[in-house]
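The values are calculated or read from the model by the stated rules, or taken from the named source; none is laboratory data. Just so it is clear, the structure is predicted and the values come from calculations on it, not from any experiment. Reconstructed Cβ throughout: ideal geometry from the backbone, glycine too, with neighbour counts over all protein chains shown.
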Amino acid sequence: MLVVIKKDYEEVSREAARIVSAAVRSNPAIVLGLATGSTPLGLYRELIALHRAGSLDFSRATSFNLDEYLGLSPSHPQSFHYFMDRNFFSQINLPSERIHIPDGTISGDYDAYCDRYEQAVKSAGGIDLQILGIGRNGHVGFNEPTSSLASRTRLKALSHETIEDNRHSFASESEVPKCAITMGIGTILDSRRVLLLASGRSKAAAVARAVEGPITSSVSASALQMHADVTFIIDEEAAYSLTQREYYRHVLEMTKIFTPERLS
Ligand code: PGA
């Protein structure tokens, strides 16, 4: 696990964009795993700027989003479809037929739908680079605490904390989604490479538990300790509760010297 500590959110976004853009350039047919939330917005802004400047082409790429609220249509302003379209897809050249986001409007056989999403990831060759945020409760995607570490894409009931975090975005209590479709932790662990971004003191406890705590389903992100190629890119505030910050800086210096490809 590499832990890259940056000064602030802007630096986190730029570093993530440097890695993602390099990955897209070296493999134009890349399969990206994408996340919503406030954290990756800066990354998306940077990638859009690179695309506009003519130096980043998504025309051969494929994407799979982590999750979507159950019950929200793609046109709902709080849906993750809407978020992705507005903040990223409408401003780059990723072909719409290769954009995949779980459908929040499905009903009936949820398992069959989720199996098809898993199959679509497999058919695309698996996810090359997965972008993640982290919830205050340590969730990745909507894998709420106690999610199986082997879970696959499925319908998931949202935790009280997540519902509380989302409440401000909805006009009334009854509109706040109570469930979501989310890739599982097993799905995420199958990605070839993972970048987890975090910013702000509100994420410090979750980051510390994910990086330095025991692997536990109580903190879904701690499962990333079992992945061979994970980079946490976090700012000073999000790194606040880590006990080994100096060691992570040392690892980074040595990585730059001996295995710089891990940082490219
Ligand atoms: P945020 O959400 O980026 O809006 O903080 C992260 C998450 O809950 O996964």
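One residue is enough: does the stretch 101-124 have a residue meeting the conditions of a type in the set (Phe, Trp, Tyr), over 23 Å from residue 211 (Cα atoms) and in contact with a strand residue (DSSP E or B) (Cβ under 6 Å, 6 or more places away or on another chain)? Yes, that holds for at least one residue. Contact map, the stretch 143-170: residues that are under 17 Å from residue 133 (Cα atoms) and among the acidic types (Asp, Glu) paired with residues that are in a loop (DSSP other than H, G, I, E, B) and away from the ligand (no atom under 12 Å from the Cβ), Cβ distance under 8 Å, separation 6+ or inter-chain. No pairs are found. Scanning the stretch 86-144 for residues that are assigned to a loop (DSSP other than H, G, I, E, B) and either within 16 Å of the ligand (Cβ to nearest atom) or not β-branched (Val, Ile, Thr) (or both) yields a count of 25.
Examine the stretch 149-159 for a residue that is modelled with pLDDT under 95 and either within 16 Å of the ligand (Cβ to nearest atom) or out of contact with any Lys or Arg (no Cβ under 7 Å at 6 or more places or on another chain) (or both), and state whether such a residue exists. Yes, the stretch 149-159 contains at least one residue that is modelled with pLDDT under 95 and either within 16 Å of the ligand (Cβ to nearest atom) or out of contact with any Lys or Arg (no Cβ under 7 Å at 6 or more places or on another chain) (or both). The set of residues from the stretch 31-51 being closer than 23 Å to residue 184 by Cβ, buried (at least 17 other Cβ atoms within 10 Å of the Cβ) and not hydrophobic (A, V, I, L, M, F, W, C) comprises 33, 36, 39, 40. Within the stretch 74-86, identify whether any single residue is surrounded by 13 or more Cβ atoms within 10 Å (Cβ to Cβ) and basic (Lys, Arg), and answer yes or no. Looking through the stretch 74-86, none of the residues is surrounded by 13 or more Cβ atoms within 10 Å (Cβ to Cβ) and basic (Lys, Arg).
If we scan the stretch 82-101, do we find a residue that is modelled with pLDDT under 95 and on the phi < 0 side of the Ramachandran plot?
As a first pass, look at the stretch 82-101 and keep what is modelled with pLDDT under 95: none.
No; the residues of the stretch 82-101 include none that is modelled with pLDDT under 95 and on the phi < 0 side of the Ramachandran plot.
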